[in-house]
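Here the structure is laid out as structure tokens; the discussion comes afterwards.
The values are calculated or read from the model by the stated rules, or taken from the named source; none is laboratory data. Keep in mind the model is a prediction, meaning the values are calculated, not measured. Note: ideal-geometry Cβ built from the backbone for every residue, glycine included; neighbour counts use all protein chains shown. Side chains are part of the model used for accessible areas, which takes the heavy atoms of the whole protein and leaves out ligands, DNA and RNA. Shrake-Rupley method; radii C 1.70, N 1.55, O 1.52, S 1.80 Å.
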Amino acid sequence: MAATPRGTTPVPPDARPRLTVLSGPSGVGKSTVVAHMRKVHPEVWLSVSATTRKPRPGERHGVQYFFVDDEEFDKLVANGELLEWAEFAGNRYGTPRTAVLERLEAGEPVLLEIDLQGARLVRESMPEAQLVFLAPPSWDELVRRLTGRGTEAPEVIERRLAAAKVELAAEAEFDTTLVNTSVEDVARELLALMRVV
Ligand code: ADP
Ligand code: 5GP
């Protein structure tokens, strides 16, 4: 099945939404979609967030995240260096402000992959942003993906599944939903929504 846009907000054909936010429950495949975009569509600029989470195997500082300790994260917050930040399942995550604003000023398409709280904060501060929700084909498939990734301890998986229930209930707040059945299809739909293709 293809990625199916649901409830797409009409956008004038020549309009290029300047900032696109991709959100969705943990395990739905957001990082996989972003990794695919990084590889196949380097023309889309992806914001790299700061996080206090420890790197997973294969994750590199400055690529998937800037991995910082609590003290460094406190400083980023205190100095107003984050466009938004949130606590998620026991760790903090935030979007570096300057890099995003510079790209937007240069007229480049920008993609943020952030959680529901972050998406809400972006909507408040930048109402022109386009919010895209990545949904799983089913709840069982979400559980399978989150468990199958094998990167979290059982209690962390439980915390993430509890957060996922809250995130799934917020789908209607988003402009568009893409169902992640195929990563390639989702990437294609996302590029179309960003007017990159
Ligand atoms: P998120 O970043 O949303 O937490 P991940 O990108 O880490 O999720 O994906 C969670 C797991 O689901 C990974 O093991 C990934 O390989 C798998 N996955 C992602 N997209 C798909 C898909 N379309 N079909 C099957 N498995 C997928
Ligand atoms: P993970 O630990 O699985 O990489 O990410 C956990 C959650 O944090 C995901 O929902 C991801 O989208 C979100 N996230 C990543 N970066 C940011 C950020 O900069 N801000 C916010 N609010 N959430 C983020």
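List of remarks:
- Test: VAL132 is β-branched (Val, Ile, Thr), surrounded by 19 or more Cβ atoms within 10 Å (Cβ to Cβ), in contact (Cβ under 8 Å) with a residue 60 or more places away in the chain and not in a helix (DSSP H, G or I): yes
- Among the residues listed as GLU71, GLU87, GLU124, the single one being on the phi < 0 side of the Ramachandran plot, part of a helix (DSSP H, G or I), within 17 Å of the chain's Cα centre (by Cα) and surrounded by fewer than 13 Cβ atoms within 10 Å (Cβ to Cβ): GLU124
- Which listed residue is open to solvent by 40 Å² or more (accessible area, probe 1.4 Å), touching an Asp or Glu at 6+ places or on another chain (Cβ under 9 Å), of a type outside the set (Gly, Ala, Ser) and assigned to a helix (DSSP H, G or I), from ARG188, ARG159: ARG159
- Residue pairs whose Cβ atoms lie under 6 Å apart, separated by 6 or more positions or on different chains, with the first residue in the stretch 148-162 and closer than 16 Å to SER31 by Cβ and in contact (Cβ under 8 Å) with a residue 12 or more places away in the chain and the second open to solvent by less than 40 Å² (accessible area, probe 1.4 Å) and small (Gly, Ala, Ser), are ARG160/SER26; ARG160/ALA89.
- Selection status of VAL33, within 13 Å of ligand 2 (Cβ to nearest atom), over 30 Å from ILE157 (Cα atoms), in contact (Cβ under 8 Å) with a residue 60 or more places away in the chain and assigned to a helix (DSSP H, G or I): no
- The lone exception for ALA172 - which of (1) more than 23 Å from GLY118 (Cα to Cα); (2) away from ligand 1 (no atom under 13 Å from the Cβ) it fails: (1)
- The stretch 118-144 - residue that is within 15 Å of ligand 1 (Cβ to nearest atom) and of a type outside the set (A, V, I, L, M, F, W, C) and, of those, farthest from ALA163 (Cα to Cα): PRO137
- Residue within the stretch 50-64 that is within 11 Å of ligand 1 (Cβ to nearest atom) and within 19 Å of ALA119 (Cα to Cα) present: yes
- Flag if LEU121 is near ligand 2 (Cβ under 9 Å from one of its atoms) and touching a Pro at 6+ places or on another chain (Cβ under 7 Å): no
- Residues of the stretch 42-64 classified as closer than 19 Å to SER23 by Cβ and either out of contact with any Asp or Glu (no Cβ under 7 Å at 6 or more places or on another chain) or part of a helix (DSSP H, G or I) (or both), total: 9
- The set of residues in the stretch 25-45 that are under 12 Å from LEU134 (Cα atoms) and crowded, with 18+ Cβ neighbours inside 10 Å comprises PRO25, SER26, GLY27, VAL28, GLY29, LYS30, VAL33, VAL34.
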